[in-house]
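Notes to accompany the following structure.
Read-outs throughout are calculated quantities, based only on the coordinates presented, and are distinct from any laboratory measurement. A quick note: this is a predicted structure, and the numbers were derived from the prediction, not measured. Here the Cβ positions follow ideal geometry from the backbone for every residue, glycine too, while neighbour counts run over all protein chains shown.
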Amino acid sequence: MRESDIPLTAVSTPSGMLWEWLVMPQGLKNAPATFNRCVTHLLRSVRDFAPSYFDDVFIHSRAVDGKSEVEMHKEHLRRLFALMRKHKLYANLKKCIFGASEIPVLGCLVGKNGVRPDPGKVSDQ
């Protein structure tokens, strides 16, 4: 939450205390859409290689201008992390997957060969 928006969240209690949210409270009806719009806006300069879906960012890299896929991926990571640092966005490293050829997304596996169902999510019924 922007520091300038904190006073807008102020609530006065019956005991006379004033409370303000320092982070976006969960459970608000429009909080997910607002958060998604905010992240999409902040990361717009890297959306060519790092599209986002709510709090997930997917970086895809190809070999370009004599640089390998790995070199491009490292460059893309540096640009994304610099942008996140600038806007005070933080990654949970326990949830990060780096340098994978395929990643799980919404019950599917996504990679350079396309999208396929995640075998762990498909039943044999």
So the angle from the long Cα axis of helix 69-86 to the longest Cα principal axis of the chain, reported in degrees to the nearest 10, equals 10 degrees
Can you list, largest first and rounded to whole Å, the semi-axes you get for the chain by taking the square root of 5 times each eigenvalue of its Cα gyration tensor? 36, 21, 11
Residue separation between residue 10 and residue 37 times 0.36 nm, minus their alpha-carbon distance, gives in nm 7.4 nm
Over 26 Å between Cα atoms: which of 95/121; 29/86; 67/95; 29/94; 86/112; 67/121 fall into that group? 29/86; 67/95; 29/94; 86/112; 67/121
For residue 87, project a label point 7 Å along Cα to C-beta. Then give me every residue of the range 48-80 with its amide nitrogen under 18 Å of that point. 48-60, 76-80
Taking the Cα-to-Cβ direction at residue 53 and at residue 101 and moving 7 Å from each Cα, how far apart do the two end points lie in nm? 2.2 nm
Around residue 109, which amide H atoms from residues at least 5 apart in sequence, or from another chain, sit under 5 Å from its own amide H, with H modelled in the peptide plane? 116, 118
By how many degrees, 0 to 90 and rounded to 10, does the Cα axis of helix 31-42 deviate from the longest principal axis of the chain? 60 degrees
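Please state the charge dipole magnitude for the chain, taken about the Cα centre, from unit charges on C-beta atoms (+1 on K and R, -1 on D and E), reported in debye and rounded to the nearest 20.
Result for the chain is approximately 220 debye, rounded to the nearest 20.
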Put +1 on the Cβ of every Lys and Arg and -1 on every Asp and Glu Cβ in the chain; which of 51, 117, 73 then has its Cα farthest towards the positive end of the dipole? 73
